[in-house]
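Please treat every number below as a calculation from the coordinates, not as lab data. Here the structure is a predicted model, which is why all the values come from computation and not from measurement. Heads up, the Cβs are rebuilt from the backbone with ideal geometry, glycines too, and the neighbour counts pull from every protein chain shown.
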Amino acid sequence: MNPIPYGRQHITDEDIDAVANVLRGPFLTQGPHIAAFESAFAAYIGCQYAVAVANGTAALHLACLALGVTEGTRVITTPITFSASANCVRYCGGEVYFADIDPTTAVLDINAVRTLLEQHPKGYFSGIIPVDFAGYPVDLAAFRELADEYGLWILEDACHAPGGSFTDTEGTVHRCGDGSLAELAIFSFHPVKHIAAGEGGMITTNDETLYKHLLRLRTHGITNKPDELVEPYPGEPERGGWYMQLQELGYNYRLTDMQAALGMSQLNRADDMMARRQEIAKRYDEAFAGTIITTIAPPANSTHAYHLYVIQVDDRKGLYDFLRTKQIMAQVHYIPVHLMPYYRQFGWKPGDFPKSEHYYARCLSLPMFPTLTDAEQQYVISCVNEFIGL
Ligand SMILES: Cc1ncc(COP(=O)(O)O)c(C=O)c1O
């Protein structure tokens, strides 16, 4: 039997044709597929603006720059995430602070964030980066209220949650990354994610000023838009069609047209792929109910996007090793970021975030991807059951 990974892209003939058509056309990059993908993605997420970039990490970096993170800016995030959610603050010279997770959801605990905020004067922190970890939609309405009280911005790391949503106490549905409650949100199109583009990322927002700034930052900090141009010096020669200005230090974080066409083709199937993820999750939920395996239920009236299906078990290492012998490539998400050697230099240490550390000691992501067959999933379930003695 072929190994079963924890996540895998699904590429169809339509996807291949979409990329091949770009290769036959005039633009490999900076062509029309970028804007088409951006507006289709914005419509899918339910926000006004979307900026396509090279990957999710570039999206986080540009988002932090646009939000004004600079030397000494203090930002709060969760230890249970991919390290890029924290690194983006460091790229800009900012300081990363962590707050513990809520063990019932595995996402940033708003009470832990509130406690941290209360320990410092107002103005000490500038922003929060909540992560819709595994696809579990963070209650951003509650975070918005807290952020407003302390004058903070919110950057939602929605890499795991395109298509996810939560319902606030007034019954309003907020899709992850829709810009209704966070200044900015970001997504990744890495092959294990919901929408694969090889590499790729997106920043979403409803804020026009941030949007325009992000467009400049994505391309070196250059603009040629007449309403953005400044007077650089007296006696400048007459401007022509070539004219552009480098207005600040930006990057080349562009997505290519091949990637945008693949992303667009995948986006057309996003609802079907999400429905399949939900089906797989339901089957796992049913299989592990009443066993020693702990799972995390989605919040009421919400859509868990199920990038990952995480179980928790005391002998995690034993189960991981056992599943490998069965060709099942379960994975661990995540080693807490504050315990990474790089972050230890800032004084973070074991015991700082006990709930995150306890979670890490027990978590394991089982195979979860739309093309996982029923037979493969049944095999995974029986191997897990065999290990726990069922
Ligand atoms: C939560 C989270 N944030 C950010 C990223 C970074 O995305 P990328 O790999 O596209 O740079 C990832 C990707 O693994 C992620 O899982």
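Provide the convex hull volume over Cα atoms per residue for region 1-119, in Å³.
186 Å³
Please report the net charge: other residues with Cβ closer than 13 Å to the Cβ of M264, K and R +1, D and E -1.
-4
Evaluate the relative contact order of region 123-228 (contact order divided by residue number), counting alpha-carbon pairs under 8 angstrom at least 6 apart; express in whole percent.
Once divided by the residue count of region 123-228, the mean separation gives 20 percent.
Ratio of Rg to Rh for region 196-301, alpha carbon only, Kirkwood?
On the way: Rg = 23.2 Å, Rh = 18.7 Å.
Computed over Cα atoms, the ratio is 1.24.
Along region 89-106, what does the Karplus equation 6.51 cos²θ - 1.76 cosθ + 1.60 (θ = phi - 60°) give for ³J(HN,Hα), rounded to whole Hz, x for Gly and Pro?
Along region 89-106, the couplings run 5, 5, 3, 9, x, x, 10, 8, 10, 10, 10, 6, 8, 8, x, 7, 10, 6 Hz.
Mean residue ellipticity at 222 nm from the helices of the chain, using -39,500 (n - 2.57) per DSSP H segment of n ≥ 4 over the full residue count, to the nearest 500 deg cm²/dmol?
-11000 deg cm²/dmol
Percent relative contact order of region 4-267, based on C-alpha pairs within less than 8 angstrom and at least six residues apart?
Details: 539 pairs, mean separation 70.1, N = 264.
Once normalised by length, the contact order is 27 percent.
Given points 7 Å out from each Cα along the Cα-Cβ axis, report the H10 to M244 separation in nanometres with one decimal.
3.8 nm
Run the Debye formula on the Cα coordinates of region 270-388, all scatterers equal and no solvent, and tell me log10 I(q)/I(0) at q = 0.13, 0.21 1/Å.
After summing over all Cα pairs, the log10 values are -0.58, -1.20.
Going down the list K317/K349; K326/K355; K193/K349; K122/K193; K193/K326, which pairs span over 28 Å between their C-alpha atoms?
Going by Cα-Cα distance, K326/K355; K193/K349; K122/K193 fall outside the 28 Å limit.
How far, in degrees from 0 to 90, does helix 32-45 lean away from the longest principal axis of the Cα atoms of the chain, to the nearest 10?
The two axes meet at around 50 degrees.
Quick one: which residues, 5+ away or cross-chain, put their amide H under 5 Å from the amide H of T77? H built at 1.01 Å from N.
Amide H neighbours of T77, under 5 Å, 5+ apart: Y97, F98, A99, I129.
Dividing the convex hull volume of the Cα atoms of region 65-141 by its residue count, what figure in Å³ per residue is obtained?
Taking the convex hull of the Cα positions in region 65-141, it is 95 Å³ per residue.
Output the direction-averaged projected area (hull surface divided by four) of the convex hull of the alpha-carbon atoms of the chain, in nm².
About 21.8 nm², averaged over all directions.
What is the sum of charges around T223, taking Lys and Arg as +1, Asp and Glu as -1, for the other residues whose C-beta is under 15 Å from the C-beta of T223?
+1
Taking the Cα centroid of region 201-270 and of region 57-86, what is the distance between the two, rounded to the nearest whole Å?
After rounding, the separation between the Cα centres reads 21 Å.
Counting only DSSP beta bridges with both residues in the chain, tell me the antiparallel percent, nearest 5.
If we restrict to bridges inside the chain, about 60 percent are antiparallel.
Considering amide H positions built from the backbone, and no H for Pro or chain starts, which residues 5 or more places from G163, or on another chain, come under 5 Å of its amide H?
Those qualifying (amide H under 5 Å, at least 5 residues apart or on another chain) are C176.
Just to confirm a number: summing +1 for Lys and Arg and -1 for Asp and Glu over residues other than R114 whose beta-carbon lies under 11 angstrom from that of R114, what do you get?
With Lys, Arg at +1 and Asp, Glu at -1, the net is -4.
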